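All of the numbers you see were taken from the coordinates with simple rules; none came from a lab. Note that the coordinates shown come from a computational prediction; the quantities given were computed from them, not determined experimentally. Here Cβ is always computed from backbone atoms with ideal geometry, including for glycine, and neighbour counts include all displayed protein chains.
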Amino acid sequence: METTAVHVGGEIRAANEKFMQAFAEGNAAELANLYTDEGMLLPAGMEALSGKLAVQEFWQGAMNMGIKSVKLETVEVQPCENTAIEMGNYTLSGEGGSLVDKGKYIVIWHRQDGDWKLHKDIWNTNLSAT
């Protein structure tokens, strides 16, 4: 199986499309299925969250707070066998496309059963706290 950065980058972008679609549909369960069984979220101002149920509850909470869509833009992917490290930018939007947050992220992906799954997911805002 080809593991070039271009090939893996394309697969990661396709997985991100699934993430954005599931978010737009308000489907937190599908979002959680895009993570490994041991997948972790590392949000700012909170303890790390681990496992699909915690991931689902976190994203459902974000949706309940009014976040309607997420845009993910891959900047760089570094593959290494069954792992890849992605760096990118995100934009979170509310009702009518209003800006809620924008920033950058790093995801450590693992290939599991032939699919790339989010394993460790950390992000931080570009917006000022004031």
Problem set entry | Options V6, G39, T74, ranked by Cα towards positive dipole end of the chain, top entry (Cβ charges) | T74
Exercise. Mind listing which GluC sites (Glu not before Pro) in segment 1-50 are in a DSSP loop and have 13 or fewer other Cβ atoms within 10 Å?
Worked result: E2, E25, E47
Exercise. In units of 2.2 N^0.38 Å, what is the alpha-carbon radius of gyration of segment 5-123?
Worked result: 0.99
For this session: Work out the length of the dipole vector of the chain about its Cα centre, built from +1 on the beta-carbon of each Lys and Arg and -1 on the beta-carbon of each Asp and Glu, and round it to the nearest 20 debye.
Result: 320
Problem set entry | In order through segment 63-77: 3J(HN,Hα) via Karplus (6.51 cos²θ - 1.76 cosθ + 1.60), integer Hz, x for Gly, Pro | 5, 5, 7, x, 6, 9, 8, 10, 10, 10, 10, 6, 9, 7, 10
Exercise. Check S69: other-chain or 5+ apart residues with amide H under 5 Å from its amide H, H built from backbone geometry?
Worked result: S93
Exercise. Just how far, in whole angstrom, is segment 68-115 from segment 32-46 if you go by their alpha carbon centroids?
Worked result: 12
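On a full-extension model of 0.36 nm per residue, what is the gain between T125 and K104, subtracting their alpha-carbon distance, rounded to one decimal in nm?
Here the answer is 6.9 nm.
On full extension of the chain, what length is gained from L53 through D113, given 0.36 nm per residue of separation minus the C-alpha to C-alpha distance?
Details: separation 60, 0.36 × 60 = 21.60 nm, distance 2.00 nm.
Once the chain is fully extended between L53 and D113, it gains 19.6 nm.
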Seminar exercise, completed: Listed by chain and number, the residues whose amide H is under 5 Å from that of T125, excluding neighbours fewer than 5 places away on the same chain and using placed H, are none
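Within a 10 angstrom radius of the beta carbon, how do L53, L92 rank from fewest other beta carbons to most? Spell out each step's value before the answer.
Details: L53 11, L92 21.
Ascending Cβ contact count within 10 Å gives the list L53, L92.
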